[in-house]
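Shown next, in structure tokens, is the structure this report addresses.
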Amino acid sequence: MLDSVTKRFGKHTAVDRLSLRIPTGSIYGFLGPNGAGKTTTIRMVMSIFYPDEGRITVLGRPNSESIKDRLGFLPEEKGLYKKMRAAEIVAYFGTLKGLDRATAKRRAYDLLERFGLGDWVDKRCEVLSKGMGQKVQLLGSIIHDPELVILDEPFSGLDPVNMELMRDTILDIKRQGRTVIFSTHVMQQAQDICDYIVLINKGQKVLDGRVADIRATGDFGIQIDYDGDSEVLRSLPGVRRLNDSGKHAEIFLERGVDPQDILRALVGKLRIQRFDIREPSLHEIFVRTVGGKTDE
Amino acid sequence: MSKTLLVARREYVENLRTKTFWIGILLFPVIIGAFVLVSRLLARSKDQRAYAVLDYSQGAWLSDEISKRSLNRDVGQFLQARGKPSDRPKTPAEFRSALEKAKDQLGNPKVGAIFDVFLAMPDDDVQQLIDAGADGKPPMGVMLKHLPKLSGAMQQFDAKEMGKVFADLSMGKYRRVELASLGLDPAADHEATEAKLRDKVNSGDLFAYFVISEDQAVEEAGTGLPKLAGRYVSTNVTDADLRRWYAGLAAEVVRERRVGALKLSKEQARALQDDFSFRPRTVTSTGAEEDVSAEKLAGDWAPMVFVYLLWIAVFSISQMLLTNTVEEKSNRIIEVLLSSVSPHQLMTGKILGIAATGLTMIGSWVVFALLGVQLIDLEVRWSSVVSNPLYLASFVGYFLAGYMIYAAVLVAIGSVCNSLKEAQNLMQPVILVLMVPVIAMVFVVQDPNGTVSRILTYIPIYTPFLMMNRAGGPPPMWEYVATTILILLTITVAIWSAGRIFRVGVLMTGKPPKLREILGWLIRPPRDSTTGSNARS
């Protein structure tokens, strides 16, 4: 859908010859460190920006105003009209996407009810909490059942309950055969729900494809959940890389080292709750690919 | 509904809910109403000025004559105030029935007593009153005949009531305090009496006192009458109303006495007193000469009121546009909006929506004004100005024109700013530029078709205000045509330029661009966000 697209801001090249194909009916993740060009790419897909070079085709058509009604967009920085009521603003976004006012209003009430905001439909947006505001805005971007939903950092700032709700919503859209693009820099989220991802760094594509294919590198790692002093992990022999997050760690071994030896070495020193061997996480792949070059 | 209209509709509905809008709508009648009310209250509540007269003329003839004359005048005005000249009574019977009616309407028995004096007058006297009534001065002879009864009726009022009931008459404004009632004897030592009067002025019992002296030893040149002199003593010499009023009456009396001394006939005397003046006449569009009507006199100044209202309306309404644009930008709603509508649709929608808000506001003003004219008994000439279709149409038309021009400027400013504070900084030069028509307003209204007025008219950003300002002229037809074309061109250019700036500015974050950069976008617009700004990736 994107064909060698370049976007420059002055001397800075935000997106550099990026080409992508996003399969219909999939969940597609835009991954990359901050400042990698994710938002710019998304804005170009939404025809808020226009590329300096290259072509973008969305839903089989050259990018133009005509398909805006078939897209839904949740920008990274969320904002609502403070004085408008929740239901009104959702309905307003719906009418801007071509729904008639009666339908938009009905759907707005339904959606707010379904998302647990039934008590807030007639409240002004300024009294909503941040999470509620975000939900309202999400509803505004999906009220017209768009064929392609683009979510820029949809999970940022959400509590676990709402995160789950957001995930269910994304999965639901996919189940209806529609396409979701979302950007994130939290790898775990992408790994959990994406079918495809693209990894962007400094405006350039680093890698893309099916999540399963990307992870199937043949290089397996040990995943452990543990309790205890993580110094023990650092002193293990034969370890090539260690991603330690305190209670969970991913360990990659030197060639020829037996995972069983590691297990044996840990027993008695840490409480091991889980120990398995599997393909590397996206996080690992991300760190490997982007390396220390990011400013994250 | 097209997307532009959807945006417009939202702007309109939202603005109707804001306080600013309702303040704007209600402020106008409240201010005008308060203005009318306060001015009336002030006129009514101005303390009655108490004054004393120390008259050393022969037999105190001057102050006596002045008192009679002032009463005579008041009665004349009092009678004249009842009804318009056209339906003033012509026969004694009509006069009486009109008085009866007025008496019933007043419903104040004390005032009624004054009416009774007139009702009891014989037909001959009444006829004289009617005949003289045309110029508002009742014949002295008739008045003197009935003076004791009239004074009797008036004495029923205490000073305060007098001020309220007869606020418009001199007897409501000024009250002569008899020296006797102050325990003073005018025959006593002059200096001692004056010292006591000065104390009264200082203590506030008196506002002022007059001293009239007549020097029998010195003759007035030409008439041979004793030389008169007068003094006015008060702690407040800035408020000259009382002094001027009393002096006016005194001058009249003295002049008549001189005329008498010269043994002139009544006609000769009148001829002497007659002023010479130039009657103001105006040239009509067909080249004929005609009298200046009262409506026209008022009409000449009326455009100022309209310009001022126009200015307030244009300014406050386009300010709304600025605020809304900055709000959308700082809230980042703009991105969602732009994912649904094009920048062009968004801007047009906003401008239209707020134009509708503005029209609603000034529409309500017009309705209030027309209603007000019906409710408040404004003088006829003002009501005809307020409901003058030329002014009303110009007002609405030039509001739209002025709004469009400034809307374009403000929406462009709004689009490049991230916060209201930044916007206000950028607004300052705009406000300065906008002040010019308000400053020039008085000047232009006096000389609506003068050179400076014309030059200002053809500065596009001032055209709507100036044309409104000159409506009293009114400017010739070709100027209306020329300025309308100018305005339409200006609006087109302004909106087009604003569109370019809006398109680029609206997604910009970081510090607002320099003016040079903005002007650069007009000539060669960058496709999107721009150099220098730290556009987000």
**Message:** Can you confirm whether B:ALA187 is surrounded by 11 or more Cβ atoms within 10 Å (Cβ to Cβ) and at pLDDT below 85?
**Reply:** no
**Asked** Name the residues in segment B:74-95 that are modelled with pLDDT of 75 or more and closer than 12 Å to B:LEU129 by Cα, would you?
**Response** B:THR91, B:PRO92, B:PHE95
**Complete:** Within segment B:1-15, residues part of a loop (DSSP other than H, G, I, E, B) and more than 10 Å from every other protein chain (Cβ to nearest Cβ) come out as B:SER2
**Item:** Residue, farthest from B:GLU327 (Cα to Cα), within segment A:77-90, restricted to residues that are of a type in the set (A, V, I, L, M) and within 8 Å of chain B (Cβ to nearest Cβ)
**Value:** A:MET84
**Asked** Which of the residues spanning segment A:53-76 are without any contact (Cβ under 8 Å) to a residue 40 or more places away in the chain, within 9 Å of chain B (Cβ to nearest Cβ) and crowded, with 17+ Cβ neighbours inside 10 Å?
**Response** A:LYS68
**Request:** Count, please, the residues in segment A:39-87 that happen to be among the small types (Gly, Ala, Ser) and either assigned to a loop (DSSP other than H, G, I, E, B) or in contact with a strand residue (DSSP E or B) (Cβ under 7 Å, 6 or more places away or on another chain) (or both).
**Result:** 6
**Message:** So, A:ASP122, is that one part of a loop (DSSP other than H, G, I, E, B), over 25 Å from A:ARG43 (Cα atoms) and more than 7 Å from every other protein chain (Cβ to nearest Cβ) or not?
**Reply:** yes
**Fill in**
Of the residues in segment B:190-216 that are more than 43 Å from the chain's Cα centre (by Cα) and closer than 21 Å to B:VAL253 by Cα, the one that is surrounded by the most Cβ atoms within 10 Å (Cβ to Cβ) is B:GLU214
**Asked** From the residues in segment B:1-32 that are among the aliphatic types (A, V, I, L, M) and more than 28 Å from B:HIS344 (Cα to Cα), which one is modelled with the lowest pLDDT?
**Response** B:ILE32
**Complete:** Wholly inside segment B:98-155, helices (runs of 4 or more DSSP H) that include 1 or more residues that are buried (at least 18 other Cβ atoms within 10 Å of the Cβ), at pLDDT 75 or above and touching a His at 6+ places or on another chain (Cβ under 8 Å) are B:109-119, B:123-133
**Prompt:** B:ALA294 fails exactly one of the following numbered conditions: (1) surrounded by 17 or more Cβ atoms within 10 Å (Cβ to Cβ); (2) modelled with pLDDT under 85; (3) among the aliphatic types (A, V, I, L, M). What is the number of that condition?
**Reply:** (1)
**Prompt:** For segment A:144-164, how many residues are within 11 Å of chain B (Cβ to nearest Cβ) and in a loop (DSSP other than H, G, I, E, B)?
**Reply:** 2
**So B:ALA261, is it out of contact with any His (no Cβ under 9 Å at 6 or more places or on another chain) and without any contact (Cβ under 8 Å) to a residue 40 or more places away in the chain** = yes
**Request:** Scan segment B:181-212 for residues that are hydroxyl-bearing (Ser, Thr, Tyr) and farther than 19 Å from B:THR235 by Cα and jot them down.
**Result:** B:SER181
**Request:** From the list A:PHE49, A:PHE30, A:PHE93, pick out the single residue that is more than 9 Å from chain B (Cβ to nearest Cβ) and aromatic (Phe, Trp, Tyr).
**Result:** A:PHE30
**Prompt:** Just a yes or no: is a residue in segment B:480-503 closer than 24 Å to B:ALA407 by Cβ and within 14 Å of another protein chain (Cβ to nearest Cβ)?
**Reply:** yes
**Asked** Restricting attention to segment B:33-54, does a residue exist that is over 25 Å from B:TRP365 (Cα atoms), in contact with a Gly (Cβ under 7 Å, 6 or more places away or on another chain) and either away from every other protein chain (no Cβ under 14 Å) or at pLDDT 80 or above (or both)?
**Response** yes
**Fill in**
Residue pairs within 7 Å by beta carbon, gap of at least six or interchain, first lying in segment A:27-40 and within 10 Å of A:SER183 (Cα to Cα) and at pLDDT 85 or above, second among the basic types (Lys, Arg) and crowded, with 24+ Cβ neighbours inside 10 Å, listed first then second, are A:PHE30/A:LYS38
**Prompt:** Is it true that A:LYS105 is surrounded by 18 or more Cβ atoms within 10 Å (Cβ to Cβ), of a type outside the set (Val, Ile, Thr) and over 22 Å from the mean Cα position of the chain (by Cα)?
**Reply:** yes
**Complete:** Here the qualifying pairs (Cβ atoms under 7 Å; residues six or more apart or on different chains; first in segment A:96-111 and on the phi > 0 side of the Ramachandran plot; second modelled with pLDDT under 90) come out as A:GLY98/A:ASP69; A:GLY98/A:HIS144
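The values are calculated or read from the model by the stated rules, or taken from the named source; none is laboratory data. Please read these numbers as outputs of a predicted model, since none were measured by experiment. In this analysis, Cβ positions are derived from the backbone assuming ideal geometry, glycine residues included, and neighbour counts consider all displayed protein chains.
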